[in-house]
Amino acid sequence: MNIIVIMIDSLRPDHLGCYGNDWIETPNIDRLAEESVLFENAYPEGLPTIPVRTALFTGQHTLPHRPWQPLVDEDLTAAEILLEHGYKSALITDAYHLFKPGMNFHRGFHAFRWIRGQEADAYESAPHGKDLNEFTKPAMKGSGAEKLLEQYLRNTSRRTREEDYFVAQVALETIDWLERNYMHEKFFLWVDSFDPHEPWDPPPPYDAKYTDPDYKGPRLLHPKYGPVDWMSEQELEYVRGLYAGEVSFVDKWVGRLLEEIEKLGLWQKSLIILLADHGLPLGEHGTILKSDINLYNELLRIPLLIRHPQGLHAGKRMDALVQTHDILPTILDIVGLPEEAIAMHGQSVWPVVEGRREKLRDYIVVGYHESAHRCVRDREWSYVHRPEGWQCELYNLVEDPEEQRNLIDQYPEKAEELASQLPRSFHVGTPEIRSIQLRHEIAGSPIKF
């Protein structure tokens, strides 16, 4: 059985038709969902990009003790495990954090292909020739986001056709690898697309597919992280439309990849898993882009589809609480290697799918290593733990999925129950840090955000 993992960065499940969206076109992912087990309550554990990949690659917890850091000698990765069982493997990605010097996320793969130039990848140094004022507002001047945007515009200055866009390059490189390697007895393929992560810059017609044709403001491809009090409602609607366009564009190229898998006769031979590392705030709860204070559905919920090559349990929807460190144990279980996951923190969810277990866990905990803000959830309630000086929050996810009504005063016993799932070791961090990920994205630190 082959293993194909399609990791899509910053993809919100509520922007997919299979998760109930009715205005964004995602026919290819929706078709995959029809043949897959769909998980309604899938979450990361330690945020953001690199800690999530560490959990995915190793099946181990990262929160609260594992920061944004390279893989270390003691880590045993999926590629290394599967190598010992005869799998040929490849990692194909434009997620530039994975291939920065010393990160080691390619360790154990037979082949790895880096698509250069995403976001602030230190790729191009020549001037981009564009007026930065077209893409920013005065409130962004001197911010980390402005610096990211400058590098991105340099990196994409020679782009001329749709195939030059990053998700297209990832798909085409993957198709090339499949055409050269599909004859292996079994393979492990990890495809990691950075889109629809910001900057939101899809080609025509996707750039205008969901935006107001009468919008005359700046092209805010990459707003600054944090509060949205510097943005008008029209600007917020515009960037939401850009993100939606990115989602549809990503879906198109996921579709091209799935077509190739079918064309090569791999559909009935391959376990296919599609997921994201986290979601993306777009003005909900007063913030945009990732931050440690936004521990709500828009950031925390992720799509997770698992398609068995024999079509087992196709169309089944699961409400079990699943986290990213459960993915590798699940893969190993399905391909007949459950013993390899014995020492992992994560658990296979497949026994729950098959009805041999009721659930994996009663609660999940999510947060950033470098923050004291934490979220504890069960399948109905979400408790947001805040450090001293902040108000803690409690939401009923069934009756209030947008998390607008803080019920902590009405249901103190429930808040206490969820708070009790936070051991002392989780109460760590420095809550004054707001732009955690930016510290790792821009060369030439320190930068004040």
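Give the residue list of GluC sites (Glu not before Pro) in segment 140-188 that are DSSP loop and have at most 15 other beta-carbon atoms within 10 angstrom. In loop regions of segment 140-188 (DSSP not H, G, I, E or B), the sparsely surrounded GluC sites (Glu not before Pro) are GLU185.
List the trypsin sites (Lys or Arg not before Pro) in segment 278-357 that DSSP assigns to loop (not H, G, I, E or B) and whose Cβ has at most 10 other Cβ atoms within 10 Å. Which are they?
Numbers: sites: LYS290, ARG301, ARG307, LYS316, ARG317, ARG356, ARG357; in loops: LYS290, ARG301, LYS316, ARG356, ARG357.
Sparse-neighbourhood loop trypsin sites (Lys or Arg not before Pro): ARG356.
Applying 1/(1 + (r/R0)^6) with r as the Cβ-Cβ distance of GLU262 and ILE342 and R0 = 25 angstrom yields a FRET efficiency of 0.10.
Go ahead and run the numbers for FRET between ASP319 and ARG386, Cβ-Cβ distance against an R0 of 35 Å, rounding to 0.05. Each step should come with its number before you reach the end.
Numbers: r = 27 Å, r/R0 = 0.77.
Efficiency computed from Cβ-Cβ geometry: 0.85.
Note on LYS137: aspartates and glutamates with a C-alpha under 15 Å away, same-chain residues under 8 apart excluded, are GLU146, GLU150, ASP229, GLU233, GLU235.
Using only alpha carbon pairs under 8 Å that are at least six residues apart, calculate the relative contact order of the chain and give it in whole percent. For the chain, the relative contact order is 25 percent. Between GLU402 and VAL72, the simple spin-label model (points 7 angstrom out along Cα→Cβ) gives 4.4 nm.
Counted over the chain, the DSSP beta bridges are approximately 45% antiparallel.
Quote the FRET efficiency, to the nearest 0.05, computed for GLN310 versus LYS100 with a Förster distance R0 of 30 Å and r equal to the Cβ-Cβ distance.
On the way: r = 39 Å, r/R0 = 1.30.
Step by step, r from the Cβ atoms, then E = 0.15.
Listed by chain and number, the aspartates and glutamates placed with their C-alpha closer than 17 angstrom to that of LYS414 are ASP362, ASP378, GLU380, GLU393, GLU399, ASP400, GLU403; residues fewer than eight positions away on the same chain are left out.
Using the rule -39500 (n - 2.57) for each DSSP H run of four or more residues, divided by the residues of the chain, the 222 nm mean residue ellipticity is -7000 deg cm²/dmol. A full extension of the chain between ARG161 and GLU185 corresponds to an added length of 5.0 nm, given 0.36 nm per residue minus the alpha carbon distance.
Read-outs: derived from the displayed coordinates by stated rules, not from any lab. For clarity, every value in this text was computed on a predicted model and none was experimentally measured. A quick note on method: Cβ atoms are made from the backbone with ideal geometry, for glycine too, and the neighbour counts reach across all protein chains shown.
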